[in-house]
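K.L.:
Quick one: the structure is below, and I'll ask about it shortly.
The values are calculated or read from the model by the stated rules, or taken from the named source; none is laboratory data. None of these values were measured; they are calculated from a predicted model. Backbone-built Cβ (ideal geometry, glycine too); neighbour counts: all protein chains shown. Only protein heavy atoms, including side chains, enter the accessible area calculation; ligands, DNA and RNA are left aside. Shrake-Rupley method; radii C 1.70, N 1.55, O 1.52, S 1.80 Å.
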Amino acid sequence: MNPLRVLGRSVVALCGSVGGLASFTVRALSRGLMPPYFPRQYLRQCLDIGYYSLPVVGLTAIFTGMVLALQSYTGFQRFEAESAIATIVVLSVVRELGPVLAGLMVAGRVGAAMAAELGTMRVTEQIDALTTLSTDPYRYLIMPRLVGGLVMLPLLVIVADIIGVMGGYLIATLKLGFGSVEYLNSTFRYLEMQDVVSGLVKAAVFGFIVALMGCYHGFTSERGAQGVGVATTRAVVTASILILTANYFVTEIFFSR
Amino acid sequence: MDNVKISMRGVHKRFGKKVVLDGVDLDVESGRSLVVIGGSGTGKSVLIKCILGILEPDAGSIRIDGVEVVGSRSGAAGAKRAECGMLFQGGALFDSLKIWENVAFRLIYAERLSRQKAREIAMHTLKRVGLGEDVGDLLPAELSGGMQKRVSLARAIASDPQIIFFDEPTTGLDPIMADVINDLIRSTTADEGVTAVTITHDMQSVRAIADTVAMLYAGRIHWQGPVAEIDASGDAYVEQFVEGNADGPIRIERAAE
């Protein structure tokens, strides 16, 4: 096969996907921001995305904080800079690891579930049924998920930050011999509001990305069980890649000089 | 005709290179039951999805009570489509909602009735289709296929629509349950004076519920007439379909393709 033809097809397919996603996003926001609103759906999505993700995000955060403390200690000991461990842990967790790991975990848990649920609804004509019942699917299904992702991931990240720092604190005080007060003082001494805000902005962006990818791939799922499977995989993969990409750009905006 | 409820003129719809509707002209009289027959893949479902606004025709006009609904986002077009109910082939019940919530969906979310009032209407409607109140609090997955069809019928008629569409209402049901569903459709449409459009392959259904029959073939209405004339239509395509013969013009043309 002609390589140019293969390349051309790939470019056309990519443009089609980007255009489809842009069109979906504009439609979802323009319709979803208009009434009527569906409070039960918003509440349900907030519970699904936020409350039910707490265990997995909490576990990820505590072990990340613990590993960070251990790694920093063994590395910084060589330079006699152990006193920087608390600062390293808190800055790493709040600025970077909290939002990124929470985003990736929620992409795996919630993004996949959204794509599977909406894909199944598409395949079984439940989305068409909504239209025949005078209910806009973008308002009833899509907007509550987008808002849920946007609002709940920052809240999850606040919890993840606290648990992550606590993980570092536990290792530092119980295993590495740091004093409790000394460690906590070091933790907050160099922490600035901008560090926290940047992490929360990242979380909001990642939450929106996870929900958007889950909704888009589920809503446009092909027919059949295979179509739903493909939609689920795409939702997780594209959300993960976009989270890592967006992470760079948000960091650039906040911290580039 | 003065009492035309739905009027379609030159409706075209294609998916990629595949032309599905190639200039459909069709009138449905008010208060009458039209059944559209035709082989698998001839575009019967696409036809009613175009009327309902689930799909947008590429060209042509669809009027409900004289109001153009193609490409129109006007309140009048929306109001006309809100007068339609639909029974989907697979039921398309919302599997996360209880049976009564499925039936009352439009009442709660589009007509904004209180949940208590909507539940009363839903229970009454379930009774109309032969289901007891005990079914109301179950989930769709807990019901048999025949019961799900009845619930779907209840959902379609709960808000007293002016027009009801039935997509393969008896497919997948045993002959007795199919007869029950046919009776329900007939009694519902006859008692309420509702206009009905049904698509089906099932000739027993056609004879039970149709006033008029239209055959869709090659993207157009190939034949249309009263149900009493279907056995003596004098049309080779209709005769072959009605008798279910493997030999005939439909097969020859398929082989030629």
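K.L.:
For the protein assembly as shown, what proportion of DSSP beta bridges, expressed in % and rounded to the nearest 5, is antiparallel? Show your work: numbers first, answer last.
P.N.:
On the way: 22 of 39 bridges.
DSSP beta bridges in the protein assembly as shown are roughly 55 percent antiparallel.
K.L.:
Give the B-A buried accessible area in Å², both sides summed, 1.4 Å probe, nearest 100.
P.N.:
The buried area between B and A, both sides summed, comes to about 1800 Å².
K.L.:
When chain B is modelled as a GNM with alpha-carbon springs shorter than 10 Å, which of B:Val69, B:Val19, B:Val180 fluctuates the most?
P.N.:
Checking each option, the largest mean-square fluctuation is seen for B:Val19.
K.L.:
Hey, what do the phi angles of segment A:165-177 turn into as Karplus ³J(HN,Hα) couplings, whole Hz, using 6.51/-1.76/1.60 and θ = phi - 60°, x for Gly and Pro?
P.N.:
5, 5, x, x, 4, 4, 5, 4, 7, 8, 10, 9, x
K.L.:
Given axes a ≥ b ≥ c from the Cα gyration tensor, I'd like to know whether segment B:36-164 is rounded (a/c under 1.5), prolate (a/b larger than b/c) or oblate.
P.N.:
Here segment B:36-164 falls in the oblate category.
K.L.:
Separate question: I'd like the carbon and sulfur percentage of the solvent accessible area for chain A, probe radius 1.4 Å, heavy atoms only, ligands and nucleic acids excluded.
P.N.:
Using a 1.4 Å probe with all protein chains present, chain A comes out at 69 percent carbon and sulfur.
K.L.:
Still on this structure: Averaging sequence separations of C-alpha pairs under 8 Å and six or more residues apart, then dividing by the length of chain A, give the relative contact order as a whole percent.
P.N.:
Relative contact order for chain A comes out at 31 percent.
K.L.:
Further, regarding this structure: Any idea what angle helix B:175-192 forms with the longest principal axis of chain B, computed on alpha-carbon atoms, 0 to 90 degrees, nearest 10?
P.N.:
With both axes taken from Cα atoms, the answer is about 80 degrees.
K.L.:
How much mean residue ellipticity at 222 nm does chain B get from its helices, if each DSSP H run of length 4 or more adds -39500 (n - 2.57) and you divide by all residues, to the nearest 500 deg cm²/dmol? All intermediate terms of the calculation are to be shown ahead of the outcome.
P.N.:
Numbers: 10 runs with 94 residues, N = 257.
Only helices count here, giving -10500 deg cm²/dmol.
K.L.:
Could you tell me the relative contact order of chain B? Use alpha-carbon pairs under 8 Å, at least six residues apart, and round to a whole percent.
P.N.:
24 percent
K.L.:
Once both axes come from the Cα atoms, what is the angle between helix A:193-219 and the longest principal axis of chain A, in degrees from 0 to 90, rounded to 10?
P.N.:
30 degrees
K.L.:
How tilted is helix A:54-76 with respect to the longest principal axis of chain A? Cα atoms for both, answer in degrees (0 to 90, nearest 10).
P.N.:
40 degrees
K.L.:
I've got another one for you. Each residue of segment B:155-172 in turn: what ³J(HN,Hα) in whole Hz from Karplus with 6.51, -1.76, 1.60 and θ = phi - 60°, glycine and Pro shown as x?
P.N.:
My calculation for segment B:155-172 gives 5, 5, 9, 4, 9, 6, x, 7, 10, 10, 10, 10, 9, 6, x, 10, 4, x Hz in order.
K.L.:
A further question follows. Using alpha carbon centroids, what distance separates segment B:136-179 and segment B:1-71, in Å?
P.N.:
23 Å
K.L.:
Counting only heavy atoms of the protein chains, get the accessible area per residue of the protein assembly as shown (1.4 Å probe) and round it to a whole Å² value.
P.N.:
Heavy-atom accessible area per residue stands at 46 Å².
K.L.:
Could you pull out the longest piece of chain B with no exposed loop trypsin sites (Lys or Arg not before Pro) in it, calling a site exposed if DSSP puts it outside H, G, I, E, B and it has at most 12 other Cβ atoms within 10 Å? The partial results should precede the final answer.
P.N.:
Details: sites that count: B:Lys17, B:Arg73, B:Arg112.
Longest stretch, sites excluded: B:113-257.
K.L.:
Something else now. Setting aside same-chain residues fewer than 8 positions from B:Lys117, which lysines have a Cα under 22 Å from its Cα?
P.N.:
Hits, sequence-local ones excluded: B:Lys98, B:Lys127.
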